[in-house]
Amino acid sequence: YQAAVRRWAKSRAGALATKPNAFISVCLGVLESKPETHAHLSKILGEFQAETGWKPQVSEHVAGALRYTQYGFLKKWMMKRIAGKAGGATDTSRDHEYTDWSALERFTIEFLARNRLVKAGAPEPRIASAQL
């Protein structure tokens, strides 16, 4: 994970432990069906947790998107190689969305319900597809 994310998690690990929390990791490796790839993703998450001291209640890996039209030449070339290896799209003339928004919404609703963060009878939260 990026150094800024690791620093943020490390500096807030204590505070996060006192509140309901979840970690959503975005990685195109999720597209791969090889068990060793998913084992590697779990290993990376474990190393992140060991380094930062943050042990999220739950974690979820999601594929995210390829924003080829927003990348410069070098990043576009690199992402095309990574996507091709993972079985993703290599058409760099357009963007490709891989996030399973329905699954992410279910994950969020289950997390909120498990932690009693929504009131009974309240409308279910909706997740909007947006680039942050």
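Could you please state, rounded to a whole Å, how far the C-alpha centre of the range 1-19 is from the C-alpha centre of the range 20-64?
Their Cα centres are 15 Å away from one another.
Mind listing the long-range amide H neighbours of ASP100? Cut-off is under 5 Å, sequence gap 5 or more, other chains count too, H placed in the peptide plane at 1.01 Å from N.
When sequence neighbours closer than 5 places are left aside, the close amide H contacts are ALA63, GLY64.
Among the lysines in the range 2-115, how many pairs, 8 or more places apart or on different chains, have alpha carbons under 23 Å apart?
Eligible lysine pairs with Cα atoms under 23 Å apart amount to 11.
On a full-extension model of 0.36 nm per residue, what is the gain between ARG6 and GLN70, subtracting their alpha-carbon distance, rounded to one decimal in nm?
Details: separation 64, 0.36 × 64 = 23.04 nm, distance 2.51 nm.
Full-extension gain reported as 20.5 nm.
Could you give the longest part of the chain that holds none of the trypsin sites (Lys or Arg not before Pro) found in DSSP loops with at most 13 neighbouring Cβ atoms within 10 Å? Walk me through the numbers before you get to the answer.
Values: sites that count: ARG94, ARG116, LYS119, ARG126.
Within the chain, the longest run free of exposed trypsin sites (Lys or Arg not before Pro) spans 1-93.
Given H placed on each backbone N at 1.01 Å, which residues far from SER25 in sequence or on other chains put an amide H within less than 5 Å of it?
Amide H neighbours of SER25: GLU60, HIS61, VAL62.
Length gain on complete extension for the stretch LYS34 to ALA15, per 0.36 nm per residue less the alpha carbon to alpha carbon distance? Please list the in-between numbers first.
Working: separation 19, 0.36 × 19 = 6.84 nm, distance 3.59 nm.
The span from LYS34 to ALA15 would gain 3.3 nm if fully extended.
With every protein chain kept in place and ligands, DNA and RNA left out, what is the accessible area per residue of the chain? Probe 1.4 Å, answer in Å². The partial results should precede the final answer.
On the way: 8890 Å² over 132 residues.
Roughly 67 Å² per residue, with all protein chains present.
Please work out whether the range 52-101 counts as rounded, prolate or oblate from its C-alpha gyration tensor, where a ≥ b ≥ c are the square roots of the eigenvalues and a/c under 1.5 means rounded, while otherwise a/b larger than b/c means prolate and anything else oblate? Can you show the working numbers first?
Values: a/c = 2.52, a/b = 1.99, b/c = 1.27.
Prolate, since a/c reaches 1.5 and a/b exceeds b/c.
For Cα extents along the principal axes in Å, the listed values are (i) 45, 36, 29; (ii) 38, 37, 24; (iii) 41, 36, 22; which was obtained by calculation from the structure presented?
(i)
Of the residues PRO35, PRO20, PRO56, which exhibits the maximal mean-square fluctuation in a Gaussian network model of the chain defined by a 10 Å Cα contact cut-off?
Per the Cα network of the chain with a 10 Å cutoff, PRO35 tops the list.
Which value in nm describes the separation of the simple spin-label points at GLN57 and ARG94, placed 7 Å from the Cα toward the beta carbon?
4.0
To the nearest 10 Å², what's ASP100's accessible area with a 1.4 Å probe?
Its accessible surface works out to 90 Å², give or take rounding.
Pop out the carbon and sulfur fraction of the accessible area of the chain as a percent, whole number, probe 1.4 Å.
Values: 4960 of 8890 Å².
Heavy-atom surface of the chain belonging to carbon and sulfur, 1.4 Å probe: 56 percent.
The values are calculated or read from the model by the stated rules, or taken from the named source; none is laboratory data. Worth saying up front: this structure is predicted, and the values here are computed from it rather than measured. A quick note on method: Cβ atoms are made from the backbone with ideal geometry, for glycine too, and the neighbour counts reach across all protein chains shown. What goes into the accessible areas is simple: the full protein's heavy atoms, side chains included, and nothing from ligands, DNA or RNA. Shrake-Rupley method; radii C 1.70, N 1.55, O 1.52, S 1.80 Å.
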